[in-house]
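The values are calculated or read from the model by the stated rules, or taken from the named source; none is laboratory data. What you see is a predicted model; the values in this text were computed from it and never measured. Please note: Cβ atoms are built from the backbone with ideal geometry, for glycine as well, and neighbour counts cover all protein chains shown.
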2 protein chains.
Amino acid sequence: MIPNQPFRPAPVSARDKLLEAGVYLVRKQGFSATSVDQLCARAGVTKGAFFHHFESKEALGVALAQYWSASTGAFFASAPFHHLPDPLDRVLGYIDLRIALLAGPVESFSCVAGTMVQEAFLTSDPIRAACQASIMGNAAALEQDLAAALARSGAKGVTAASLARHVQAVLQGTFILAKTEGGESAAETAREELGHLRRYFEILLKPLN
Amino acid sequence: MIPNQPFRPAPVSARDKLLEAGVYLVRKQGFSATSVDQLCARAGVTKGAFFHHFESKEALGVALAQYWSASTGAFFASAPFHHLPDPLDRVLGYIDLRIALLAGPVESFSCVAGTMVQEAFLTSDPIRAACQASIMGNAAALEQDLAAALARSGAKGVTAASLARHVQAVLQGTFILAKTEGGESAAETAREELGHLRRYFEILLKPLN
DNA sequence: AACAACATACCGACCGGTTGGTATGTTGAC
DNA sequence: GTCAACATACCAACCGGTCGGTATGTTGTT
């Protein structure tokens, strides 16, 4: 979810540099395989600085999920599709933006929270909860538009909340399939994949009249 | 993907015991966080046995993906939905089976290959490739039925291969969302989530006449 | 304006334990 | 006697985390 640098300010404090290093390294290697020393080296700070700002590696994981959530949340909140008059257009606008973001190597568009929760859901409840908040926060931002689009459509037996979850599930699954493929071609396959999500919503939420 | 014991024979050789321990531990903790010592302890064998059968931890990862692929492949190949006359019913039968398998704690229905590739896609190409083979093998098994159902429908602009990929993406994404939720309730939410996949296929692949 | 008291940010050597991996047996089937 | 299938003992590198210390504010008192 969400590309790299241009959307986040250059980190200045040691804390921000460590979180930015966390985004980079967790995307590439996952959380467990990323050591505190690696984070410090990448951030250009010492171990003393690390444990001054975070009481443990786990605490950095939690902060990283929150940092990620705040960055992506702000980015999507400021996207122009919100100004479209039709709620369905706004939903499709979100999906189109997600499709447009799928470019470059996998580690530049994958989701930090989705990667972390995979490894930590049983071993660290704080990290699990922080990742849940991150992903479900993204879903919640879509829910109002989905509810409005749903009301105008003839669809039965589906809730806006469930549809919002579905968007996130397809995104996360797309990232995993992109990881199995690897390389630059993964982005194109991933874009095609999200086309199915778009099509489902087009058909399901088509206005009645 | 695929539940625990009842579908796999009880392991006898040290190699199989280690692979079975791998399924268990990787699902719970991921690949990096699982140590060789833990695998040996769980399997009830010594380190000597481990490195007798696998030349490295990475080699076990590759073998684990293959073992997983073989187990799940055999299970789905023997499922009764294959005998349904209508190809769309076979596709929906597969999805219904996947829905039925979503029960118990997350680590009892999540996918070993999907978990491993997340951590290893950049750091170990052999593991990445083995996980790709596992997941795409599952997709390939669906492709014929999807092609047949597609031919009877009026759907345009979609390929059977792309739809098969979509099934796997939604499954993998569903597992990740279940991990964020945690606990026993995750299975129910996951079943509801797969309902969207079913609905998409019902609508999209509805026969013309 | 001067100064003590305290807070914040950071450094890097060091610790005990764990890591993946190796070298060298032992044992039992053919 | 040979060889696969293990077991035991061990190693160097690395792990997350601690600790004593320093430099640079900030703040309240007089």
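Structure values in brief
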item: Any chance B:A190 is touching a Leu at 6+ places or on another chain (Cβ under 7 Å), at pLDDT below 95 and within 10 Å of chain A (Cβ to nearest Cβ); result: no
item: Helices (runs of 4 or more DSSP H) wholly inside segment B:102-209 containing at least 3 residues that are farther than 24 Å from A:I135 by Cβ, among the aliphatic types (A, V, I, L, M) and over 16 Å from the mean Cα position of the chain (by Cα); result: B:125-152, B:160-181
item: Residues satisfying the stated conditions in segment B:118-128, i.e. closer than 20 Å to B:A169 by Cβ and either touching a Phe, Trp or Tyr at 6+ places or on another chain (Cβ under 8 Å) or free of Cβ contacts under 8 Å to residues at least 24 places away in the same chain (or both); result: B:E119, B:A120, B:F121, B:L122, B:I127, B:R128
item: Complete set of residues in segment B:107-133 that are surrounded by 16 or more Cβ atoms within 10 Å (Cβ to Cβ) and facing another protein chain (nearest Cβ under 7 Å); result: B:E107, B:G114, B:T115, B:V117, B:Q118, B:E119, B:F121, B:L122, B:R128, B:C131, B:Q132
item: Which numbered condition B:H166 fails, given (1) of a type outside the set (V, I, T); (2) crowded, with 22+ Cβ neighbours inside 10 Å; (3) touching a strand residue (DSSP E or B) at 6+ places or on another chain (Cβ under 7 Å); result: (3)
item: Residue within segment B:134-146 that is facing chain A (nearest Cβ under 8 Å) and out of contact with any Pro (no Cβ under 6 Å at 6 or more places or on another chain) present; result: yes
item: Residue list for segment A:20-38, filter: more than 12 Å from DNA strand C (Cβ to nearest atom), of a type outside the set (D, E) and surrounded by 17 or more Cβ atoms within 10 Å (Cβ to Cβ); result: A:A21, A:G22, A:V23, A:Y24, A:L25, A:V26, A:R27, A:K28, A:Q29, A:G30, A:F31, A:T34
item: Segment A:149-176, residues that are in contact (Cβ under 8 Å) with a residue 12 or more places away in the chain and touching an Asp or Glu at 6+ places or on another chain (Cβ under 7 Å); result: A:A160, A:A161, A:A164, A:R165, A:H166, A:T174
item: Count of segment A:166-192 residues which are polar (S, T, N, Q) and either under 15 Å from B:M116 (Cβ atoms) or in contact with a Lys or Arg (Cβ under 7 Å, 6 or more places away or on another chain) (or both); result: 1
item: Residues of segment B:41-56 satisfying the condition of being within 9 Å of DNA strand C (Cβ to nearest atom) and surrounded by 18 or more Cβ atoms within 10 Å (Cβ to Cβ); result: B:F50, B:F54
item: Pairs with Cβ under 6 Å, 6+ apart, first in segment A:55-79 and away from every other protein chain (no Cβ under 14 Å), second part of a loop (DSSP other than H, G, I, E, B) and within 16 Å of DNA strand D (Cβ to nearest atom); result: A:L60/A:F54
item: Sole exception among (1) closer than 28 Å to B:F121 by Cα; (2) modelled with pLDDT under 95; (3) within 14 Å of the chain's Cα centre (by Cα); (4) in a helix (DSSP H, G or I) for A:I2, by number; result: (4)
item: Yes/no for B:A164 being under 30 Å from A:D125 (Cβ atoms) and more than 7 Å from every other protein chain (Cβ to nearest Cβ); result: no
item: Members of segment B:176-187 found to be within 19 Å of B:H166 (Cα to Cα) and either modelled with pLDDT under 95 or more than 7 Å from every other protein chain (Cβ to nearest Cβ) (or both), listed by number; result: B:A178
item: Test result for B:D125, of a type in the set (D, E) and touching a Lys or Arg at 6+ places or on another chain (Cβ under 7 Å); result: no
item: Restricting segment A:200-209 to residues that are surrounded by fewer than 18 Cβ atoms within 10 Å (Cβ to Cβ) and either in contact (Cβ under 8 Å) with a residue 24 or more places away in the chain or of a type in the set (K, R) (or both), the residue that is nearest to B:A164 (Cα to Cα); result: A:E202
item: Within segment B:8-97, helices (runs of 4 or more DSSP H) holding 3 or more residues that are away from DNA strand D (no atom under 14 Å from the Cβ); result: B:14-29, B:57-77
